[in-house]
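The block underneath contains the structure these notes are about, expressed in structure tokens.
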Amino acid sequence: MFDFLTLADNYRERDLEIGLVEHITSFLLELGKGFAFVGRQYPIEVSGREFALDLLFYHLKLRAYLVIDLKVVEFEPEFIGKLNFYLSAVDDQLRTELDNPTIGLLICRKRDKLMAEYALRDVNKPIGISEYRLTENLPENLKSTLPTIEEIEERLHQETSKGTKQ
């Protein structure tokens, strides 16, 4: 649940990434215990070409890197090939003999369970696929208990007026 994010309706992948990094503590709590943030748009060079990992973490107890690839679209099978490529590059370039194999996590707007199963069937690396959800509206039972934007603005105006009179 990425309900700590406030994104515009037509957000892009970069907006999602920036939002997660700006709320890194909340995101780390969503991931679970033991994760350390390594970087965003982490550069990896392969055959003279530079690639950027959306998010790179390290899990202290597992002793493994975690590459997160973000997608603001529905899952497509070819996303697994790209993530598998990233994991191989991290294993060769960053991983030491003390580390376990790099883990991949594809986070997309929506995933189809059967397509995900087929895409992962013969992949030998530890890769997971998850979909995220954003809370866009308040539940109906909370709407009546919270003030409207207009009420908040009016209250702020009143408080500001009081402060200038004193």
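In the stretch 33-68, the qualifying residues are those that are modelled with pLDDT of 90 or more and assigned to a loop (DSSP other than H, G, I, E, B), and the one that is surrounded by the most Cβ atoms within 10 Å (Cβ to Cβ) is 62. For the condition in contact (Cβ under 8 Å) with a residue 24 or more places away in the chain and under 11 Å from the mean Cα position of the chain (by Cα), residue 20 qualifies. Count of the stretch 69-93 residues, restricted to those that are in contact with a strand residue (DSSP E or B) (Cβ under 6 Å, 6 or more places away or on another chain) and either at pLDDT 95 or above or not basic (Lys, Arg) (or both), is 10. Taking the criterion of being part of a helix (DSSP H, G or I), crowded, with 16+ Cβ neighbours inside 10 Å and not acidic (Asp, Glu), the residues of the stretch 89-99 that qualify are 89, 90. Here's a check for you: in the stretch 7-32, which residue that is surrounded by 13 or more Cβ atoms within 10 Å (Cβ to Cβ) and outside any helix (DSSP H, G or I) is modelled with the lowest pLDDT? Filtering the stretch 7-32 for residues that are surrounded by 13 or more Cβ atoms within 10 Å (Cβ to Cβ) and outside any helix (DSSP H, G or I), the one modelled with the lowest pLDDT comes out as 7. A Cβ distance below 9 Å, combined with a sequence gap of six or more or placement on separate chains, defines the contacts here; from the stretch 118-131, residues that are under 12 Å from residue 105 (Cβ atoms) reach residues that are part of a loop (DSSP other than H, G, I, E, B) and of a type in the set (Phe, Trp, Tyr) in the pairs 129/75; 131/75.
The values are calculated or read from the model by the stated rules, or taken from the named source; none is laboratory data. None of the values given here were measured: they were computed from a predicted structure. Cβ: placed from backbone, ideal geometry, glycine included. Neighbour counts: every protein chain shown.
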